[in-house]
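The values are calculated or read from the model by the stated rules, or taken from the named source; none is laboratory data. These numbers come from a predicted model, not from an experiment. Cβ coordinates were reconstructed from backbone atoms using ideal geometry, including for glycine residues, and neighbour counts include every protein chain displayed.
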Amino acid sequence: MSHTISYIAGMCCGIAAVFLLVLVIRILCRRHQSISKILSTEITYDERQILARGKAYQTAFLVLVGYVLAASFLDELLNCPVLMSFGGLWLGVCLSILVFVCICIWKDAYLSLQENAKEFNIMGIVISILNLIPGFLSLSRKQPFLVNGSISYRYINLMVGGLFLLITLLFDLKLIYDKRAEE
């Protein structure tokens, strides 16, 4: 699939605009220490949480490496490029993030000591909705999921929205499980 020069230029300008916006926000935060203190609340975890998060990072990294190896194997040896695309590799990233979060949630190492479940649920639902809307628009427009035998980039929003919805659901199920265990 070849893109026009204007499409590629538009994508590059969009990426550059995001980097520029982040740079401007960082400069403003450094100049105004009061804003910096509000935006960067210190997040602390206890020792048990730090160890659990380290194991979760390790496992998620190994899952991502395994996914990339499997995608490469499918593409090179079996001539099946379904996972070797931008969308296909994002599926691997989503899988890796899901593994990390599941381990952290199960080991009570996902939220720091300053965070609360209500804020996490609101954030998860908002991110899910903001990603599922364009994902469902791609579905309603009947855009193909596979393009030239590979997963289309047009379904990345659907993957990310589903990921955050699943994470929020798992988090809430763990809260219910812990509450019943206490009773």
Does any residue of the range 114-136 turn out to be among the acidic types (D, E), modelled with pLDDT under 90 and either closer than 21 Å to L91 by Cβ or assigned to a loop (DSSP other than H, G, I, E, B) (or both)?
yes
Among residues belonging to the range 153-183 that are closer than 30 Å to E76 by Cβ and either hydrophobic (A, V, I, L, M, F, W, C) or buried (at least 18 other Cβ atoms within 10 Å of the Cβ) (or both), point out the one that is farthest from the chain's Cα centre (by Cα).
R154
Considering only the range 99-142, state which residues are surrounded by fewer than 18 Cβ atoms within 10 Å (Cβ to Cβ), over 17 Å from L165 (Cβ atoms) and of a type in the set (A, V, I, L, M, F, W, C).
W106, L111, L113
If you check L98, L69, L74, which single one turns out to be touching a residue at least 40 places away in the same chain (Cβ under 8 Å) and assigned to a helix (DSSP H, G or I)?
L98
Restrict the check to the range 143-152 and report whether at least one residue is surrounded by 19 or more Cβ atoms within 10 Å (Cβ to Cβ) and either touching a residue at least 24 places away in the same chain (Cβ under 8 Å) or touching a strand residue (DSSP E or B) at 6+ places or on another chain (Cβ under 7 Å) (or both).
yes
